[in-house]
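First up is the structure itself, then whatever we jot down about it.
Derivation of every value follows stated rules applied to the coordinates shown; laboratory data play no part. Since this is a predicted model, take the numbers as computed values, not measurements. Backbone-built Cβ (ideal geometry, glycine too); neighbour counts: all protein chains shown.
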Amino acid sequence: MAVDGDRRARYHLAEVNVALLREPLDAPATADFVAALEPINQLADHSPGFVWRLQTPEGDATSIRAFDDDRILVNLSLWESLETLWAFTYASRHLDLLRRRREWFHRLADAHLALWWVPAGHVPTVAEAVTRLELLRRRGPSPDAFTLREPFPAPDAPAVASSRVTAPTGAA
Amino acid sequence: MNQERFEQGVAALHALHDPVRRSLYRYVSAQPHEVSREEAARAVGVQRGLAAFHLDKLVDAGLLEVSAVRRVGKRSGPGAGRPARLYRRTAVQYEVSVPPRTYAMVAELLAEAVEEAGADLTLQAAARRLGVRFGAQARAGTAGRVDEGTVTPAVVPSGVVDVLVRQGYEPYQDGTAVRLGNCPFRDVATGFPAVVCGMNLALLEGLVDGAGAVGISAVMDPRPGRCCVALVAAEPGQVRSQSLSQ
């Protein structure tokens, strides 16, 4: 995946998010979520900047357990940039799923999504992802584990002043 | 209130005082493409020279900007190869409120609180109720006509379009769909997309339901730079509203 001399490809953005189901995956209340999995995963696969996502031979990550509580789903993916991840997450049909999250998932008190930069070509493991999430939960956003709302640039990026991926709100 | 920004806002509004200039500004703002002087003049019903004068005043005021594009086609003679001035709205926001009112910060705090509390569905229910009230006004015709003729009544009832225009969505027709060219909540939506866009969809679902607009549905269809919702022809047998959480 890494291309020598191509600055953009030196680091990829890893993303992990966890979600606590209200009902089991096979419950009627969760049916719409389950039905949406394949189309949304297809959408991700074809989105600009998408690099890789965690999946089992069934095609998604819903059978993977990262925690003792087996109602907790985990998602892990790699993207070329903050902007492309933001665009998929909030400016695509994925938003239609996101706005219904409370129908299917409890609100977690702790951080549920963590981002970090990895060398291009590195594929993160679930254990690594959990470590990064726990780091974010313990320390708050830092270059080693951060969020879309409080991002940090890739290690080789020039310094930028803005703290938001997209247009910031007005100054004080 | 930031005095400099207040002054800038007043200057921008002052630039819109002239009715012809205001019409030109609104026309350019409503188009999904960049607009030439000829097109703007024709649309507003004034001479090209007068349109040019006003459009350039709007550029001076920072409300519009120019992109110069080389003319294609005319190889020789007068006007050959001269760049055509095309106008579009700038992205700068101006606000003037007297006495000072600050809703942007309150919106951010409330959106953050909804996010933290996981209260999306409560907010969506409230937004849907408000949308239904707007829809009832649209149906009764009490909302008042403001439609600038950008959507034909056969696609969406004119009362619904009036509400969309009034709320700042800048609706325009795209085949049998109505797309919304502006996000009225842009800053807070960018900060909390799931909360605010979910609220927005619920509001517009309510509007469609409350107006009794059979045959159209509000659906989530995010596009860069535009509102996340579009009004599309409902599938046969589909309920009017896309809401699945009853």
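Can you tell me the 0 to 90 degree angle between the C-alpha axis of helix B:103-117 and the longest principal axis of chain B, rounded to 10? Roughly 40 degrees between the two axes. Treating the angle as unsigned and between 0 and 90°, give the value, to the nearest 10°, between the Cα long axis of helix B:48-60 and the longest Cα principal axis of chain B. Value to nearest ten degrees: 60. Shown in residue order for the range A:142-155 are the 3J(HN,Hα) couplings computed by the Karplus curve 6.51 cos²θ - 1.76 cosθ + 1.60 at θ = phi - 60°: 8, x, 8, 6, 9, 10, 5, 6, 10, x, 10, x, 4, x Hz (x for Gly and Pro).
Taking the number of Cβ atoms within 10 Å of each Cβ as an exposure proxy, the fewest-first ranking of B:220, B:199 is B:220, B:199. From helices alone, chain B scores -15000 deg cm²/dmol at 222 nm; the rule is -39500 (n - 2.57) for each run of n ≥ 4 DSSP H residues, then divide by the residue total. Summing Lys and Arg as +1 and Asp and Glu as -1 over all other residues whose Cβ lies under 13 Å from the Cβ of residue A:47 gives a net charge of -2. Once the Cα atoms are used to define both axes, helix B:3-15 deviates from the longest principal axis of chain B by about 70 degrees. How large is Rg/Rh for the range B:118-233, to two decimals, with Cα atoms and a Kirkwood Rh? With Rg and the Kirkwood Rh in hand, the quotient comes to 0.94.
Scanning residues 5 or more positions from residue B:229 or on other chains, those with amide H under 5 Å from its amide H are B:221, with H placed 1.01 Å from N in the peptide plane. Legend: Rg and Dmax of chain B, from Cα coordinates, 20.3, 68 Å.
Scaled against 2.2 N^0.38 Å for its residue count N, the alpha carbon radius of gyration of chain A is 1.05. Each Lys or Arg adds one and each Asp or Glu takes one away; over the other residues whose Cβ falls under 15 Å from the Cβ of residue B:8, this sums to -3. Put in line by how crowded their Cβ is, counting other Cβ atoms within 10 Å and starting with the fewest, A:150, B:7, B:235, B:95 read B:235, B:7, A:150, B:95. Here the convex hull built on the C-alpha positions of the protein assembly as shown has a volume of 197 cubic angstrom per residue.
Show that you can apply the helix-only estimate: for chain A, add -39,500 (n - 2.57) for every DSSP H stretch of four or more residues, divide by all residues, and state [θ] at 222 nm to the nearest 500. Estimated from H runs of four or more residues: -8000 deg cm²/dmol.
Each of A:70, B:162, B:120 was scored by other Cβ atoms within 10 Å of its Cβ. Listed from fewest to most, they are A:70, B:162, B:120. Between the range A:63-112 and the range A:16-50, what's the alpha-carbon centroid distance in Å? That distance is 8 Å.
Above 18 angstrom, tally the Cα pairs of the range B:3-89 and express them as a % of all pairs, no decimals. It works out to 46 percent of all Cα pairs.
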